[in-house]
Amino acid sequence: MELKEFDHLTKPIRHRGTAFHAEKVVGDMTMLCRTFALFILLQGFLLPMIYAQNPDSVLIMKKLIAKGLPPDQKLRYLNKLCAIYWTVDPDSSLWYGWQGLPLLKSAVPQKYTGNLYFVLGMAWENKGNPDSALWYLNKSRATFDVAGDKRLYFRAIEQIGSLYRILGQYDSAIVLMNSALEYFKSTGNKFEIMSSLFNIGSVYFEQNHLNKALEYYLAASAYDSILNDTSAMATTAFGTGNIYLSLADLFKSYNREKSRKYYTLSQEHFRRCAALFSQATNKTERCFTSMSLLSCFIGEGRFASADSLIIADSACLSFPDPRIKAGFRISQALLYNEKGMKAKSLKILQKVANTHGEITILPEYHQAMIQMAGLLWDYGHRDSAWRVAERSLDWGRKKGVYPLVSQALGMMAEWYKASGDLSKALETFKASAGYRDSVFKQIGHEIFDETELKFRNQLLHSKLVAMEADNKIQKSRNLIIRLAGTIVLLVLLLMVGLLAARHKITNRKRLEALQTLHLADQEKKIIETEVENLRLGMQVREQELIYHTLQSADLNQTNRSIREKLGEFLFRFQKKKDQEDFSQALGKIFRDSQREPMADFEIIFREMHSGFFEKLLAVCPDLSKSELQICALLRLNLSSKDIARLVNLTAASVDVTRSHIRKKLLLDQNKNLTSYLIMLG
């Protein structure tokens, strides 16, 4: 028995998992539900269908094994049973695999030995024991190498790479999968090439290199029209839909128009996936497709549609596979949380926390734990919240899952702020923002448009090639018929061919013109995005400057108050040395309270808004230094109350100064001073 007997069980991809984001950081928890579903799909969604469609063959193999078969034949059937059960029932899969190990002492073919190690590795992988899985898969690779079967050798290499992906060793996974891809390209096996491309794309997806993932997914989808394989087409549609759904979540807080566009694209792919799966009778496909659509509805705020979908597919909540059950529970918990039903959400997530097995080493599990930590904090269980959040934060740092780390740090920053530790809150928030920025740098907004355009053209070209092939077949048939006809008919066929060629040239020119217009539009959008990012960056820097300056002014006021209240206690000390020590402490507080909060303000402001003071003085040279200072604070859109805190004046005095500034600038009563200064800068 060759490993190709398991092709229908292992291709396309076996694995999937990715990080996802909180709405205020880089998205929200909806990504958990859809990637969890993709993980179930890619691990072997065809297995239950195959078993359900042909249960008699399983019973026959079990009866044959019970009889006195030769070792090689018995091992062959044990391998098949192990392969059939490795996803639906890993324990049964391991049981059949272990029965095959004693048979290796007999003279059995090397391929059968390699197949046994391979299926045992897959069973341990689905059991959630990556170390045992890696040991058996390496044994399989070595056995196929000795047997000289390169195809099975590289199939094992690819699966080892997929296992490294689960362990978070992404660089090793990419190297191994690329070596398998190069070999499959050399053999020209299109199905193997498509599978490897999707495998590599899934690794990049989990690393949040969404542009690279989209490139490989679309490259894999280019084989859809060639292979015409329903399961492969559904898988590539599902993966591409997840990319667009991830983008929709990422841009939800920054670019609503782009977010709506990507939500629409993702739903188109998921509905296409559901249509392809409608040919199958197993409800596994319905469950993970429903989870993906559920993520779209929650992300768009369509809670009524989400409720209807959960009711329609409520059977998924009691699905025999614990991973699908957990995935649907997380979707339901997210929906409850979005609707403000936090108690119900927390109860469901606590059930997920008790889940064991492979899910505990995936980003989806730790994202759910961060969500649960936030709910625990809201209900006052703060020690438990810290423990849960820190465990998943440490996991995210070790595995390089930056969106998860960014979300956890952002949540902890809010906790520090609520506890009154503002310095720690600011430090943690900056760390969260750093991880968030690294995620956006990985994405490369402009690359998506280029990659999408590039592969859409490739897909169009593939369809044109397929159409040309069909036309050639039709022409050949017509030629055979017309051989019995007259020369007039042959001339007519030639004329039809010339017209078709002219039509093709016309279409090509039209497509080139449309492509040129599309590229120009994309360049314009990229420029607009860069300008918007610069504006947002300036706003963040202004807010940080205001925050630090206000904090310094408040600290000075606090120090002055402390000094005034403690000064009367100086002479209550009986010992002179105590009086001197106390006096020195009061002196230090006094010096700190005299520190000018606006000392660094002007320097930083000039860096951010160079030329502002020069323009203002050019309009009105009579402005004093204090008036210029208040103009700068007004430029940052501060209220009179906040300005009074910074310059140690009353709000009424600030209002008087504002009135003097208006008179010097000769502003009309219907013009707003703050708006005028913002426009001037």
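The values are calculated or read from the model by the stated rules, or taken from the named source; none is laboratory data. Quick caveat: nothing in here was measured; it's all calculated off a predicted structure. As a convention, Cβ positions derive from the backbone with ideal geometry for all residues, glycine included, and neighbour counts pool all protein chains shown.
Summary table below
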read-out: Sole exception among (1) small (G, A, S); (2) touching a His at 6+ places or on another chain (Cβ under 7 Å); (3) without any contact (Cβ under 8 Å) to a residue 40 or more places away in the chain for S162, by number; value: (3)
read-out: Residue in segment 437-447 that is modelled with pLDDT under 65, surrounded by 12 or more Cβ atoms within 10 Å (Cβ to Cβ) and of a type in the set (V, I, T) present; value: yes
read-out: Enumeration of residues in segment 256-280 that are of a type in the set (S, T, Y) and either surrounded by 17 or more Cβ atoms within 10 Å (Cβ to Cβ) or at pLDDT 80 or above (or both); value: S259, Y262, Y263, T264, S266
read-out: From S225, S253, residue being assigned to a loop (DSSP other than H, G, I, E, B), surrounded by fewer than 20 Cβ atoms within 10 Å (Cβ to Cβ), modelled with pLDDT under 80 and out of contact with any Pro (no Cβ under 6 Å at 6 or more places or on another chain); value: S253
read-out: Segment 615-648: number of residues that are farther than 24 Å from T558 by Cβ and in contact (Cβ under 8 Å) with a residue 12 or more places away in the chain; value: 13
read-out: Scope segment 128-151; condition touching a Ser or Thr at 6+ places or on another chain (Cβ under 8 Å) and either closer than 21 Å to L81 by Cα or crowded, with 18+ Cβ neighbours inside 10 Å (or both); matching residues; value: G128, T143
read-out: A219 part of a helix (DSSP H, G or I), surrounded by fewer than 24 Cβ atoms within 10 Å (Cβ to Cβ) and free of Cβ contacts under 8 Å to residues at least 24 places away in the same chain; value: no
read-out: Restricting segment 616-650 to residues that are surrounded by 13 or more Cβ atoms within 10 Å (Cβ to Cβ) and among the basic types (K, R), the residue that is modelled with the lowest pLDDT; value: R645
read-out: First in segment 463-492 and modelled with pLDDT of 75 or more, second anywhere and of a type outside the set (F, W, Y), Cβ under 7 Å, 6 or more apart; value: N478/L493; L489/R482; L490/R482
read-out: C82 being surrounded by 15 or more Cβ atoms within 10 Å (Cβ to Cβ) and modelled with pLDDT of 70 or more; value: yes
read-out: Selection count, segment 649-681, where residues are in contact (Cβ under 8 Å) with a residue 12 or more places away in the chain and under 48 Å from the mean Cα position of the chain (by Cα); value: 6
read-out: From the options S186, S162, residue that is within 28 Å of P109 (Cα to Cα) and within 20 Å of the chain's Cα centre (by Cα); value: S162
read-out: Unmet requirement for S93, which otherwise passes all of (1) touching a residue at least 24 places away in the same chain (Cβ under 8 Å); (2) farther than 20 Å from Y136 by Cα; value: (2)
read-out: Where a residue in segment 327-341 is in contact (Cβ under 8 Å) with a residue 12 or more places away in the chain and its partner, wherever it lies, is surrounded by 22 or more Cβ atoms within 10 Å (Cβ to Cβ) and in a loop (DSSP other than H, G, I, E, B), with Cβ under 7 Å and at least six apart; value: L334/M29
read-out: Filtered residue count, segment 340-375, keeping only those that are of a type in the set (K, R) and modelled with pLDDT under 85; value: 1
read-out: Some residue of segment 114-133 being farther than 26 Å from E158 by Cβ, modelled with pLDDT under 85 and touching a Pro at 6+ places or on another chain (Cβ under 9 Å); value: no
read-out: Flag if A326 is assigned to a helix (DSSP H, G or I) and farther than 27 Å from D89 by Cβ; value: no
read-out: Among the residues listed as L176, L197, L163, the single one being under 25 Å from A213 (Cβ atoms), in a helix (DSSP H, G or I) and in contact with a Gly (Cβ under 7 Å, 6 or more places away or on another chain); value: L176
read-out: Verdict on A389 being part of a helix (DSSP H, G or I), under 20 Å from the mean Cα position of the chain (by Cα) and among the hydrophobic types (A, V, I, L, M, F, W, C); value: yes
read-out: Subset of segment 122-155 [under 28 Å from the mean Cα position of the chain (by Cα) and in contact (Cβ under 8 Å) with a residue 12 or more places away in the chain]; value: M122, A123, W124, E125, N126, K127, G128, P130, A133, L134, R155
